[in-house]
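Here the structure comes first, spelled out in structure tokens, and everything after it is commentary.
The values are calculated or read from the model by the stated rules, or taken from the named source; none is laboratory data. In this text, all values refer to a predicted model and were calculated from it rather than measured experimentally. With ideal geometry, Cβ positions are generated from the backbone for all residues, glycine too; neighbour counts draw on all protein chains shown. Surface accessibility is based on the protein's heavy atoms, side chains included, excluding ligands, DNA and RNA. Shrake-Rupley method; radii C 1.70, N 1.55, O 1.52, S 1.80 Å.
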Amino acid sequence: VGEVVGDEWRDAYKEHFRSFALTEKLLVVPPWEEPAPAPGQLVLRLDPGRAFGTGLHDTTSLVAEQLDQRRAVYAGAPILDVGTGSGILALSALLLGASEAIAIDNDPEVIDVVRSNAALTGLGGRLQVDTTPVENVSGSFPMVVANIRAPVLVAMAPDLAARLAPGGWLVLSGILAREEQEVLDGFLAAGLAHVETVGRGDGPDRWGAIVLRGVA
């Protein structure tokens, strides 16, 4: 047991948050470290604070890998990040070639965190972040990502499907293996096609990501 005086607990996470490769192309670097990217790596400056999304959890890294692998899908186009947390996925997409990122979250506390992270990486001019509900987001997108929990995703299925451009891609995460079929059924009912499910580990508590596609 140790004692932390005053508000020092707010910064205790910094001791354990260090630079790491989020994908082959993306190196996450906190602002208190100097970046040392490998040749061809892109640097994403990130201070998650108390917002979800350090990139160290499987739910986040699985989506980031899909953004990296499928960057040709949204090159030069806008993307939508639902449940943005720290903004890590929206900012990753911008570095990987998206023209603009619309990031939404129902927690008003994270909005300033996302804006600050965008400024750290020089991406503030290409990011729009607010608490707009997904059903009120205007426009359509070739790529939509949503890293939330399974029951919330299922409830959002019609609205997420409606945000896709014709033939657009949707990547869902925050899903345990035992929840995958329920989530998949909800999105198939919304008219989307299942492309693949990816995950790490084994058993019912394995985290996974589901990739779907809209009708072209």
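Listing for the model above:
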| item | result |
| --- | --- |
| D130 vs. criteria crowded, with 16+ Cβ neighbours inside 10 Å and under 29 Å from E180 (Cα atoms) | no |
| Segment 112-127, subset open to solvent by less than 40 Å² (accessible area, probe 1.4 Å) and outside any helix (DSSP H, G or I), residue farthest from Q41 (Cα to Cα) | L127 |
| Candidate set from segment 185-208 (those that are aliphatic (A, V, I, L, M) and within 19 Å of the chain's Cα centre (by Cα)); member that is nearest to G167 (Cα to Cα) | V195 |
| Among the candidates E34, E109, E100, residue that is open to solvent by 40 Å² or more (accessible area, probe 1.4 Å), at pLDDT 95 or above and acidic (D, E) | E100 |
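The rows are residues; the columns are (1) part of a helix (DSSP H, G or I); (2) open to solvent by 20 Å² or more (accessible area, probe 1.4 Å); (3) touching a residue at least 24 places away in the same chain (Cβ under 8 Å).
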residue	(1), (2), (3)
W169	no, yes, yes
L172	no, no, yes
E180	yes, yes, yes
V183	yes, no, yes
H194	no, yes, no
D205	no, yes, yes
I210	no, no, yes
